[in-house]
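Please read the structure below before turning to the comments.
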């Protein structure tokens, strides 16, 4: 393996973690302030959910409200950043990647299979493209740091073991 490729692979997890966390943290200003764009998107999703028998699913107090999704993005960001830049907690990095993968899988699915569509903001699909990019990077990060799941398992077992 070339020296440049080895160096790129060494720092790729930190770069991916920074990128994904930046996307997640940037979205929180919309979700946590009940921005009109967020109201429009989650309102459309809630109307669709009501039409298939699940009213309130995406409402302000729903299971998939903007606040719940935002809290998941905040947790993923914390896990990504702490795991990427604080070595004793590197096992948090793939957890953040898996949370990001789950959230973005839902986002992509709702963009593709509901009336929301891929361009709800009429901006060329920027939101959808960001979701796809974060989804792809989250999957790559989970694969790159898969060996850290062993460390996580050891930590969980050590925590759960009787003293």
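The values are calculated or read from the model by the stated rules, or taken from the named source; none is laboratory data. Computed from a predicted structure; not experimentally measured. Cβ placement follows ideal geometry from the backbone for every residue including glycine, while neighbour counts extend to all protein chains displayed.
Has the stretch 127-146 got any residue that is out of contact with any helix residue (DSSP H, G or I) (no Cβ under 7 Å at 6 or more places or on another chain), under 18 Å from residue 12 (Cα atoms) and part of a loop (DSSP other than H, G, I, E, B)? Give the steps one after another, and end with the answer.
First, the residues of the stretch 127-146 that are out of contact with any helix residue (DSSP H, G or I) (no Cβ under 7 Å at 6 or more places or on another chain): 127, 129, 133, 136, 143.
Filter again for under 18 Å from residue 12 (Cα atoms), leaving 133, 136, 143.
Restricting the remaining residues to those that are part of a loop (DSSP other than H, G, I, E, B) gives none.
Looking for residues that are out of contact with any helix residue (DSSP H, G or I) (no Cβ under 7 Å at 6 or more places or on another chain), under 18 Å from residue 12 (Cα atoms) and part of a loop (DSSP other than H, G, I, E, B), one finds none in the stretch 127-146, hence no.
Tell me whether the stretch 113-122 contains one or more residues that are surrounded by fewer than 20 Cβ atoms within 10 Å (Cβ to Cβ) and assigned to a helix (DSSP H, G or I).
Yes, the stretch 113-122 has at least one match.
Can you tell me how many residues in the stretch 45-61 are free of Cβ contacts under 8 Å to residues at least 24 places away in the same chain, surrounded by 19 or more Cβ atoms within 10 Å (Cβ to Cβ) and either assigned to a loop (DSSP other than H, G, I, E, B) or under 19 Å from the mean Cα position of the chain (by Cα) (or both)?
Summing the residues that are free of Cβ contacts under 8 Å to residues at least 24 places away in the same chain, surrounded by 19 or more Cβ atoms within 10 Å (Cβ to Cβ) and either assigned to a loop (DSSP other than H, G, I, E, B) or under 19 Å from the mean Cα position of the chain (by Cα) (or both) in the stretch 45-61 gives 1.
Name, by its number, the condition in (1) over 20 Å from residue 19 (Cβ atoms); (2) at pLDDT 95 or above; (3) surrounded by fewer than 19 Cβ atoms within 10 Å (Cβ to Cβ) that does not hold for residue 149.
Result: residue 149 passes all but (2).
Any idea which of (1) in contact with a helix residue (DSSP H, G or I) (Cβ under 8 Å, 6 or more places away or on another chain); (2) over 30 Å from residue 148 (Cα atoms); (3) part of a loop (DSSP other than H, G, I, E, B) is the one residue 42 doesn't satisfy?
(3)
What is the one condition in (1) surrounded by 14 or more Cβ atoms within 10 Å (Cβ to Cβ); (2) part of a helix (DSSP H, G or I); (3) free of Cβ contacts under 8 Å to residues at least 60 places away in the same chain that residue 64 does not satisfy?
(2)
Residue 130 is checked against (1) within 24 Å of residue 7 (Cα to Cα); (2) surrounded by 13 or more Cβ atoms within 10 Å (Cβ to Cβ) and fails just one. What number does that condition carry?
(1)
Every residue in the stretch 84-112 that is under 17 Å from the mean Cα position of the chain (by Cα), in contact (Cβ under 8 Å) with a residue 40 or more places away in the chain, surrounded by fewer than 19 Cβ atoms within 10 Å (Cβ to Cβ) and farther than 21 Å from residue 37 by Cα, please.
Scanning the stretch 84-112 gives a single hit, 98.
Does at least one position in the stretch 15-23 carry a residue that is part of a helix (DSSP H, G or I), more than 14 Å from the chain's Cα centre (by Cα), modelled with pLDDT of 95 or more and under 28 Å from residue 154 (Cβ atoms)?
Going through the stretch 15-23, the residues part of a helix (DSSP H, G or I) turn out to be 15-23.
Pick out the ones that are also more than 14 Å from the chain's Cα centre (by Cα) and you get 15.
Now drop any that are not modelled with pLDDT of 95 or more, which leaves 15.
Within this subset, residues satisfying the condition of being under 28 Å from residue 154 (Cβ atoms) are 15.
Yes; the residues of the stretch 15-23 include at least one that is part of a helix (DSSP H, G or I), more than 14 Å from the chain's Cα centre (by Cα), modelled with pLDDT of 95 or more and under 28 Å from residue 154 (Cβ atoms).
What's the number of the only condition in (1) touching a helix residue (DSSP H, G or I) at 6+ places or on another chain (Cβ under 8 Å); (2) modelled with pLDDT of 95 or more; (3) farther than 16 Å from residue 143 by Cβ that residue 97 fails to meet?
(3)
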